[in-house]
Each structure stands twice: as structure tokens, then as C-alpha cells.
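Right, one structure below, let's go through it.
The values are calculated or read from the model by the stated rules, or taken from the named source; none is laboratory data. For clarity, every value in this text was computed on a predicted model and none was experimentally measured. Here the Cβ positions follow ideal geometry from the backbone for every residue, glycine too, while neighbour counts run over all protein chains shown.
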Amino acid sequence: MSVADAPEEAPGVERLLTLSDGVVAIALTLLVLQLAVPTIDGVSAKNAQSAHYLWTQLKHRGGDQLTAYVVSFYVIAQFWLTHHRVFRSIRGHDEGLAWWNFAFLFTITIMPFSSDLIGRFGSNPLAIDLFALNLLLASLSTQGLRVYARRHGLESYQPDPHELRSSYFRVWTVNAIIVFTAVLAWFDASLAIFCWLLLLPAQRVSGRLATRFPGRPAPA
């Protein structure tokens, strides 16, 4: 069989990680573009030198955008860490794994758009729900990567049982916060945005739950 007839190989794990790191870096950079600096056109010299005036402009015009930026930056950083934890045990690869990785990257590249929505329409429940849907899809695609690799024998070693169980608790905790915030947005949009802060202790809580509920030992 000639070289031209040989089947094409899927991208290696290193190439998938390099591509993913580059996409995440670009997404983090694009987030800052949603932050708008208050304009100075038409502002008197007195107000331009007033700290109170500048603080008022930042609070009314950029408060929601800054909140959306901080939340989105943290969320993308957490998904990047989770993505690397998943690939820590993956050595083999195939085209299916590459497509699951592209599904994850799709959710990351769309996040600057959904983040900008809640920055501009912070009191609109639909904007909050679209951002929540973006987070939910990112979480599910990350979990899909892990499940696909395990079912197709692409892991070089069995992950630590505590780490594996902690990841399951982390997924359920994050998804529960996302769904709760999406529902709460229709009753109190302002409170729903601040509920994203619950994502901060999610990793620590999941680790404690994995310790408290270790489950049954795996059979020999």
C-alpha cells in the first residue's frame, strides 16, 4: 500500500493540548475587550479630575462588565485546569477524542460573546441563561472527554480513585450551581450574577465530599 493510501492519523495528544492552550489564551485575551473605559468627551475639567465622578461612571457603566469579566476569566481558567487534569492520564488518541476536544474548544471560544451579553444586559434573565448554558456545555464536553477516553482505552493508567471521585463531585456541584443560577435569574437577575461566586469554593467542596463519601472500593 502506498503512502497516499495510508490512513491519516488523528492529531497527537501534544498537538491537541497545544491547540487547546492557544485557543484558551485567545479567549482570555478577548474577554478584556468587553471592558469599556468611560469617555472623557464633553466632560468638564472639574469632573475629569474628580475621583467621585470617575468612580460613579465606573460603577454605573462598567460594574456589570467588570463582574462578567472576572467571573468569565475565573471560569475559563478552571476549565483549562480541568482539561489538563483530564489529559494527564490520556496517552492514546483517535479522531473521536479530537472531536470531543473541539466541542470543548467551541464552548470556550463562544464564552467571550456570552460574557459580553451579561456585561451589557446584566438584568436580563435570558442573557444570564445563555451564559449559564455556555458553562453547562463546557462542563459536559469536558466530562465527555474523560468518559470517551476511558471507554476507548486511551488512558495510560487508572486515575487515583479519590481524584476521580472528586472530579465527579466537582462536575455535579458546578452543574447544580449553573442550573440554580439560571432559574434564579428569572426571579432576581442581580442576585443570580453574584451566585456565580459559588463556583469559587466548588473545587474545595468537591474534594471534601470525595473524602466524606469514598464509595465502594474497586474490585481487584
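Are there any pairs, at least 6 apart or on different chains, whose C-beta atoms fall under 6 Å, with the first in the range 68-79 and closer than 17 Å to S123 by Cα and the second β-branched (V, I, T) and in a helix (DSSP H, G or I), and if so, which?
As it stands, the answer is A68/I118, since those pairs meet every condition given.
Can you find even one residue in the range 120-131 that is modelled with pLDDT under 90, in contact with a Lys or Arg (Cβ under 7 Å, 6 or more places away or on another chain) and part of a helix (DSSP H, G or I)?
no
Name, by its number, the condition in (1) surrounded by fewer than 16 Cβ atoms within 10 Å (Cβ to Cβ); (2) modelled with pLDDT under 90 that does not hold for F113.
If we test F113 against (1) surrounded by fewer than 16 Cβ atoms within 10 Å (Cβ to Cβ); (2) modelled with pLDDT under 90, just (2) comes out false.
Test V86 against the criterion of being part of a helix (DSSP H, G or I) and in contact with a Ser or Thr (Cβ under 8 Å, 6 or more places away or on another chain), and give yes or no. Lay out the reasoning, then the answer.
Details: part of a helix (DSSP H, G or I): yes; in contact with a Ser or Thr (Cβ under 8 Å, 6 or more places away or on another chain): yes.
Considered against the rule, which asks whether it is part of a helix (DSSP H, G or I) and in contact with a Ser or Thr (Cβ under 8 Å, 6 or more places away or on another chain), V86 comes out as yes.
Which of the residues that make up the range 126-142 are under 17 Å from V183 (Cα atoms) and touching a Leu at 6+ places or on another chain (Cβ under 9 Å)?
The initial filter retains those residues of the range 126-142 that are under 17 Å from V183 (Cα atoms), namely 126-137.
Residues satisfying the conditions are L126, A127, I128, L130, F131, L135.
Any residue in the range 169-187 that is of a type outside the set (A, V, I, L, M, F, W, C) and assigned to a helix (DSSP H, G or I) sitting within a Cβ distance under 8 Å of a residue that is modelled with pLDDT of 85 or more and crowded, with 18+ Cβ neighbours inside 10 Å? List the pairs, counting only those 6 or more apart or interchain.
R170/T82; N175/S139; T181/I128; T181/A132; T181/A192
Answer yes or no: is there a residue in the range 86-109 that is surrounded by 17 or more Cβ atoms within 10 Å (Cβ to Cβ), at pLDDT below 85, within 21 Å of G12 (Cα to Cα) and of a type outside the set (V, I, T).
Yes, the range 86-109 contains a residue that is surrounded by 17 or more Cβ atoms within 10 Å (Cβ to Cβ), at pLDDT below 85, within 21 Å of G12 (Cα to Cα) and of a type outside the set (V, I, T).
Taking only the range 70-81 into account, find how many residues are surrounded by fewer than 22 Cβ atoms within 10 Å (Cβ to Cβ) and either among the polar types (S, T, N, Q) or not in a helix (DSSP H, G or I) (or both).
1
Can you tell me how many residues within the range 1-49 are among the small types (G, A, S) and at pLDDT 70 or above?
Of all residues in the range 1-49, those among the small types (G, A, S) come to 2, 4, 6, 10, 12, 20, 22, 25, 27, 36, 42, 44-45, 48.
From what's left, at pLDDT 70 or above: 12, 20, 22, 25, 27, 36, 44-45.
Qualifying residue count for the region: 8.
Restricting the range 99-118 to residues that are free of Cβ contacts under 8 Å to residues at least 40 places away in the same chain and over 17 Å from A68 (Cβ atoms), which is farthest from the chain's Cα centre (by Cα)?
Residue satisfying both the conditions and the ranking: W99.
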